[in-house]
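The structure appears below as structure tokens.
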Amino acid sequence: MTPPRQLDAIGYLATSEINSTSYVGGLLIVNSNARPLEFHCTVPFLPSRSQRVLYGASLSGSLMTEDIPRALFKKAKHRPDVVFVNSMAMLAVQAELEQPVACIQVTSEAMGEEKERLGADCLNGEEVPGNQSQFEKASPLFGNKGSFGFAMDPKHEGKKELVNAGLQQISCHVDIHEPFERLKLALDETGKVSNHAA
């Protein structure tokens with residue numbers, strides 16, 4: 001059996017809504033040792049009243065899975081081999097990117113502990129809704145945080161080995177969710193700075 005391919009860059013992409021009024025996003029690109037290669041974030045974007053009316057219910061999805069990620073990747077100097085996102089809804093980013101996009105999942109054995117630790121989204125072991133074939137079990141990754149897998153667009157199944165390689169590389173150095181925690185802290189700081197400047 002051949003060892004998994006060594007990836008040069010792994011992306012962690014997160015977007016969030018702030019106080020139900022504005023949106024922010026961040027992209028952390030790390031090397032195979034989980035050390036940062038680059039970080040980009042958006043300033044909080046406050047949609048105008050006209051944008052809210054014209055986009056309606058699709059505004060949030062459009063900003064969080066199209067506009068914000070597009071702006072972040074345009075700034076990036078490194079091209080990640082694989083991109084991990086912070087929610088199942090963010091899998092829609094795959095339409096904007098060539099590289100595989102995956103949402104890290106906690107398998108049912110480890111779900112209880114992770115739910116207490118991380119909250120209520122993809123990072124805490126949200127079960128993949130609907131078609132369970134979207135959930136691709138990674139090669140067993142056992143550590144102090146349990147067993148992990150990932151969800152990705154079934155149309156990109158041929159790229160799941162890249163995702164698996166990314167999970168394996170990161171898990172050798174840090175908890176696979178830890179870069180998301182760094183990204184969340186950086187985005188929280190961005191929001192604080194923006195609030196103080198206003």
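The values are calculated or read from the model by the stated rules, or taken from the named source; none is laboratory data. What you see is a predicted model; the values in this text were computed from it and never measured. Here the Cβ positions follow ideal geometry from the backbone for every residue, glycine too, while neighbour counts run over all protein chains shown.
Here Leu37 qualifies as in contact with a strand residue (DSSP E or B) (Cβ under 8 Å, 6 or more places away or on another chain), surrounded by 12 or more Cβ atoms within 10 Å (Cβ to Cβ) and not polar (S, T, N, Q). Restricted to segment 31-48, and to residues there that are modelled with pLDDT under 95 and of a type in the set (A, V, I, L, M), the residue that is nearest to the chain's Cα centre (by Cα) is Ala34.
Conditions (1) of a type in the set (Gly, Ala, Ser); (2) under 23 Å from Phe180 (Cβ atoms); (3) out of contact with any Leu (no Cβ under 7 Å at 6 or more places or on another chain); (4) surrounded by 14 or more Cβ atoms within 10 Å (Cβ to Cβ), marked per residue:
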position	(1), (2), (3), (4)
Tyr23	no, yes, no, yes
Asn31	no, yes, no, yes
Ser48	yes, no, yes, no
Tyr55	no, no, yes, yes
Leu72	no, yes, no, yes
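Of the residues Leu162, Leu185, Leu123, the single one that is crowded, with 17+ Cβ neighbours inside 10 Å, within 16 Å of the chain's Cα centre (by Cα) and modelled with pLDDT of 50 or more is Leu162. The set of residues in segment 36-72 being charged (D, E, K, R) and farther than 24 Å from Val101 by Cα consists of Arg49, Arg52.
Only residues that are modelled with pLDDT under 90 and small (Gly, Ala, Ser) were counted across segment 80-94, and they come to 2.
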